[in-house]
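Since every read-out is calculated from the coordinates, none of them should be taken as a lab result. Computed from a predicted structure; not experimentally measured. Note that we place each Cβ from the backbone using ideal geometry, even for glycine, and neighbour counts take in every protein chain shown.
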Amino acid sequence: MTTVRRPKATRILIIYTGGTVGMVMDNESGALKPIGFKEIRDNIPEIVKLGYDFSVHAFNPPMDSSNMHPDVWIELANIIEKNYNDYDGFVILHGSDTMAFTASALSFLLENLDKPVILTGSQLPIGEIRTDAKENIITALEIAAARKGGKAIVPEVCIYFDYQLFRGNRSKKYNAEKFEAFYSMNYPPLAEAGITIKYQRQFILKHPEGKLKVYKKLNSNIAVLKIFPGMTEPMVEAVLNTPDARAVILETFGSGNATTAPWFIDCLRRAIQRGLIIVNITQCDGGAVELGRYETSVQLKELGVLSGHDMTYEATLAKLMFLLGQSLSRKKIVELLETSLRGELTSG
């Protein structure tokens, strides 16, 4: 743990997990490899001018975000819990590929969060001349430190990338080449950074009344069925009969539509009768599932397929892992899946 302190300064904990932001080119293989936080700090001398006290919790070794795992999400939640009373905000440096999954998971694991948890990273390594890492990190630190009336301006889990701040469980990585790597199709940005950082206070979660509660269990026994024209019954059966699966994310067309072929409906019916929870989300990045709007989704609703409303795939997966990890009845899980817990969906 590296610590830099100044009297009465805002205190920020930086959690460095790895990712492109901390990569350098390996001269032998020509591939990018992770470096430590010291090298990152050396490339951003400007952070000293912010005037914050900051400490660093660095993963050793740093990890590529493709290796991200639910156990690491719980580890991150534990780090935040352990340091919660000592810091005003948290910045997590993370690879962009799975950043939206981590942000979504943390939003559910951290109930009654009253401080900013800002995830950021970059599309180019910190050592590159045209890197986007410096701006992303500096502004993420400013947002994590931002307070008004003694309270954090953004008391929730967010992603900051390329001048925009998004709710973590509303975010999706959509571009692997542009600096503008993320968007939030179904929810407005919480802030935009220009000459000043303009916060959209009406879209930011309210401060909670209770104390922080950190959950320690996730259940990843979930399967995903993405429908497509020409899919076969054996393939669908294989997904629905995945060993130990307790839930299936059904990715459908448009506003929740799927084939009405009798064999497909029968497959779903048998799975639900066995107790499998099936949540319907749209394959579209924008818009919402509206079961019963078209004839092709009426039968799904009648079978007991649940609506994921306008949740992202990342948020749906994280929410299912979270709910399945708690000691809840099936009835309660079904109820909470269609209820907004952390601003992840728009219901009604």
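Think of the range 139-267 as having a plus end and a minus end, set by charges on the Cβ of Lys, Arg, Asp and Glu; of I197, N221, L250, I197 sits farthest toward the positive end of this dipole. Which residue, chosen from S55, A103, I92, occupies the Cα position most advanced towards the positive end of the dipole of the chain, where the dipole is computed from +1 (Lys, Arg) and -1 (Asp, Glu) charges on Cβ about the Cα centre? Selected residue: S55.
Go ahead and run the numbers for FRET between W263 and R201, Cβ-Cβ distance against an R0 of 56 Å, rounding to 0.05. If you can, show how the numbers build up before the last one.
On the way: r = 51 Å, r/R0 = 0.91.
Given R0 = 56 Å and the Cβ-Cβ separation, E is 0.65.
Can you show me the helix-derived [θ] at 222 nm for the chain, built from DSSP H runs with n ≥ 4 at -39,500 (n - 2.57) apiece and divided by the number of residues, rounded to the nearest 500.
Details: 9 runs with 94 residues, N = 348.
Mean residue ellipticity at 222 nm (helix-derived): -8000 deg cm²/dmol.
Peptide packing: for 94-103, 220-229, 320-329, the average count of neighbouring Cβ atoms within 10 Å per residue gives the ranking 94-103, 320-329, 220-229, highest mean first. Distance check, please: which entries in K206/K301; K82/K319; K216/K332; K226/K301; K172/K226; K82/K178 exceed 28 angstrom between their Cα atoms? Violating the 28 Å limit, Cα to Cα: K206/K301; K82/K178. The trypsin sites (Lys or Arg not before Pro) of the range 234-343 that DSSP puts in a loop, and whose beta carbon has at most 12 other beta carbons within 10 Å, are R274. Calculate the length of the line joining the C-alpha centroid of the range 305-323 to that of the range 127-145, in whole Å. Spelled out, the Cα-based centre of one part sits 30 Å from the other.
Relative protection proxy for 148-158, 42-52, from highest mean packing down: 148-158, 42-52 (other beta-carbon atoms within 10 angstrom).
About its Cα centre, the dipole of the range 2-214 is roughly 920 debye, where the only charges are +1 on Lys and Arg Cβ and -1 on Asp and Glu Cβ.
For the ranges 165-173, 54-62, 81-89, what's the packing order if you count other beta-carbon atoms within 10 Å of each residue, average per peptide, and put the highest first? Please list the in-between numbers first.
Values: 165-173: 26.7, 54-62: 17.9, 81-89: 16.1.
Order by mean packing, descending: 165-173, 54-62, 81-89.
The separation of the range 44-107 from the range 183-248, counted between C-alpha centres, amounts to 19 Å.
Taking the range 2-214, how much of its Cα-Cα pair set, in percent, is spaced more than 28 angstrom apart? Here the long-distance tail beyond 28 Å is 20 percent of all Cα pairs in the range 2-214. Applying 1/(1 + (r/R0)^6) with r as the Cβ-Cβ distance of Q273 and N67 and R0 = 35 angstrom yields a FRET efficiency of 0.40.
Give a quick list of GluC sites (Glu not before Pro) in the range 178-215 that DSSP marks as loop, anything other than H, G, I, E or B, with at most 14 other Cβ atoms within 10 Å.
Numbers: sites: E180, E192, E209; in loops: E180, E209.
Loop-located and lightly packed - E180, E209.
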